[in-house]
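The values are calculated or read from the model by the stated rules, or taken from the named source; none is laboratory data. Quick caveat: nothing in here was measured; it's all calculated off a predicted structure. Note: ideal-geometry Cβ built from the backbone for every residue, glycine included; neighbour counts use all protein chains shown.
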Amino acid sequence: AIEEKQKLEEANAKDEAERAAVEKRAAEEREAVEKAAVAQAEADEKEAAARRAEEEKASLAHEAGFDKKRKEQELFDEVRKKAEADFEVAKVNAEQDAKAANATAERVAAEAQAKAQADAKAKAEAEAKAEGGSA
């Protein structure tokens, strides 16, 4: 009877040890699954952050390109306005130069005409004196 009791206790101890081993393996597997889930969640978050960073980078690059084009257009407009202003100044100067040249030409022509008239009058008077003196 003692032997049977001892055998029964040994069998119970063996069953307990096996049950404890199974529970330990199950706990280890649960822990491994949880760790894998945490690692996957972290990887997903890192991937999402990388995607957001890439989108932000693309957005900034697009804005920078737009800003560069806007600045180039502003510079072009500035240069065009200056060229237009320079053209207007040159046009006014050319008109003033032309008026001055016309006035000078008219004055020179008037002086030449007055001199020609004076010369013609003097010649006519000299001829009249010569005719009057010989008559």
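Determine whether Val33 is surrounded by 10 or more Cβ atoms within 10 Å (Cβ to Cβ), modelled with pLDDT of 95 or more, more than 47 Å from the chain's Cα centre (by Cα) and part of a helix (DSSP H, G or I).
Working: surrounded by 10 or more Cβ atoms within 10 Å (Cβ to Cβ): yes; modelled with pLDDT of 95 or more: yes; more than 47 Å from the chain's Cα centre (by Cα): yes; part of a helix (DSSP H, G or I): yes.
For Val33, the condition - surrounded by 10 or more Cβ atoms within 10 Å (Cβ to Cβ), modelled with pLDDT of 95 or more, more than 47 Å from the chain's Cα centre (by Cα) and part of a helix (DSSP H, G or I) - is met.
Rundown of residues vs (1) at pLDDT below 95; (2) in a helix (DSSP H, G or I); (3) surrounded by 10 or more Cβ atoms within 10 Å (Cβ to Cβ); (4) not basic (Lys, Arg), yes/no style:
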site	(1), (2), (3), (4)
Glu4	yes, yes, no, yes
Asn12	yes, yes, yes, yes
Asp15	yes, yes, yes, yes
Val38	no, yes, yes, yes
Asp44	no, yes, yes, yes
Glu54	no, yes, yes, yes
